[in-house]
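Comments concern the structure below.
Rule-based calculations on the coordinates, nothing more; no lab input. On a predicted model such as this, the values are computed, not experimentally measured, just so you know.
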Amino acid sequence: MSAPLPNFSLDGVKHGARLAVPAFPGFIMFALAFGAAAAQKGLSLGETLGLSAFVYAGASQMVGLEIWQKVWTPSTILTIITVTAIVNVRMILLGATLQPWLRDEPKPRSALNLFLLTEAGWIISTRYHSEGGRDVGILFGSAAILYVVWLGATLAGYFAGAFVPDPRRFGLDLVMPVFFSIMLVPLWKGARPALPWLVAGLVSLVVHALAPGYLFIAAGALAGVVAGMLIE
Amino acid sequence: MTPFESFVAGPWGATVAIAGMALVTYLCRIAGVVVMSRIRITPRIERGLRALPGSIIMATILPVIIDAGIPAMVAIPAAVFVMAVTRTDLASLAAGLGAISLLRAFGV
């Protein structure tokens with residue numbers, strides 16, 4: 001049996017949206033945490049929603065908050081853009097795996113689908129694709145509903161964060177590091193693949209002690225990548 | 001101050017930052033599809049990219065944890081432990097934040 005030709009159907013969109021439901025809790029949690037941390041950091045509602053709506057990449061938004069400034073300079077702008085790029089460079093891999101599926105798609109539709117691309121949506125869609133499905137509606141439907149969930153939960157988190165009287169008392173100033181460390185658990189594939197993480201952590205500590213600003217994030221992450229490339 | 005310096009120092013600074021972040025993120029999202037036919041992702045590059053998410057997390061949190069002191073150093077391993085056992089991010093986040101508030105309440 002040959003695989004069906006790539007196509008795009010409304011049924012696929014609906015089916016994709018249903019397939020995305022198991023990803024809701026993770027999205028809601030992360031967006032609530034981001035919204036609360038943004039309010040806590042003093043971002044306006046517009047800035048918070050702007051980050052969620054246009055950047056739409058949770059890890060880089062969280063790291064971005066760590067570098068967020070009240071008054072910007074060209075160098076802090078460049079820093080936040082560089083760090084965002086470093087955090088999100090992994091998306092290149094996601095896109096690369098989708099390329100054969102999207103080869104004959106109209107470019108504007110692919111441009112939209114790729115804007116909405118997330119790890120969760122990618123996992124849902126690649127599973128569908130590997131089972132022989134070719135309906136790009138699945139990709140769009142799962143991605144679009146996750147986007148809406150993300151924005152809604154960001155909004156809810158922002159107000160929850162803004163109305164907590166003394167955020168420090170509840171540890172909310174540390175939501176970002178707590179959440180990030182939790183995310184290490186599902187990434188854990190044994191001690192050996194985690195060796196680059198150790199390198200990244202050590203390099204970031206050293207750079208943090210020696211250099212001002214947030215260079216330690218980029219330096220540590222790059223050291224981890226190099227370690228990953230060198231370790232067979 | 002150059003015009004760009006005074007521009008980003010003003011009310012438009014945050015917008016410029018968000019626009020810049022959005023632009024590089026979108027470039028990352030489309031780059032794989034666009035350059036796939038030109039650049040080969042070798043096993044070596046793939047290994048490096050696979051190490052990236054965990055490396056970013058470690059590089060971001062370790063200095064922050066150390067700066068935040070003992071409550072963070074106790075609560076974060078506790079949250080990771082709860083996650084490893086329960087696999088529920090909500091419970092683990094609650095455990096971590098709970099531990100921090102408790103330790104701070106006792107003046108640690």
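Please give the calculated 222 nm ellipticity per residue for chain A, where each DSSP H segment of at least 4 residues contributes -39500 (n - 2.57) and the sum is spread over every residue; nearest 500 deg cm²/dmol? Please report the intermediate quantities before stating the final value.
On the way: 12 runs with 164 residues, N = 232.
My calculation for chain A gives -22500 deg cm²/dmol from helical runs alone.
Nearest 500 deg cm²/dmol is fine: what mean residue ellipticity at 222 nm does chain B get from its DSSP H runs of n ≥ 4 alone, each adding -39,500 (n - 2.57), divided by its residue count?
Values: 5 runs with 90 residues, N = 108.
Estimated from H runs of four or more residues: -28000 deg cm²/dmol.
Below 8 Å, C-alpha to C-alpha, sequence gap of six or more: please give me the relative contact order for chain A in percent. Before the final figure, lay out each step's value.
On the way: 260 pairs, mean separation 81.0, N = 232.
Averaging sequence separation for qualifying contacts and normalising by length gives 35 percent for chain A.
Please express the Cα-Cα pair-distance distribution P(r) of the stretch B:31-108 as a list of whole percents, one per 10 Å bin, running from 0 to the bin with the greatest distance.
Spelled out per bin, shortest first, that is 17, 32, 23, 16, 10, 2.
Kirkwood Rh, Cα Rg: Rg to Rh for the protein assembly as shown? Kindly include the intermediate steps, with their values, before the conclusion.
Working: Rg = 20.1 Å, Rh = 20.8 Å.
For the protein assembly as shown, the value is 0.97.
Could you tell me the extents of the stretch B:1-64's C-alpha atoms along the three principal axes, largest first, rounded to whole Å?
Cα spread of the stretch B:1-64 along its principal axes, largest to smallest: 46, 36, 17 Å.
From the P(r) of the stretch A:1-106, could you give the percentage of C-alpha pairs in the tail past 24 Å? Mind showing how you got there, number by number?
Details: 2367 of 5565 pairs.
So the pairs more than 24 Å apart make up 43 percent of the total in the stretch A:1-106.
How compact is the stretch A:95-227 by the rule of thumb for globular proteins, expressed as Cα Rg over 2.2 N^0.38 Å? Before the final figure, lay out the partial values.
On the way: Rg = 19.6 Å, N = 133, 2.2 N^0.38 = 14.1 Å.
Cα-based Rg divided by the globular estimate yields 1.39.
Can you give me the convex hull volume of the Cα atoms of the stretch A:28-78, divided per residue and expressed in Å³? Write out the running numbers ahead of the final one.
Values: hull volume 3.9 nm³, N = 51.
It comes to 76 Å³ per residue, whole-number rounded.
May I ask for the equivalent-ellipsoid semi-axes of the stretch A:58-120, computed as the square root of five times each C-alpha gyration tensor eigenvalue and listed largest first in whole Å?
Details: eigenvalues 179, 29, 19 Å².
Semi-axes (√(5λ), whole Å): 30, 12, 10.
What share of Cα pairs, in percent, lie more than 17 angstrom apart in the stretch A:37-165? Each step should come with its number before you reach the end.
Numbers: 5192 of 8256 pairs.
Result for the distance tail: 63 percent.
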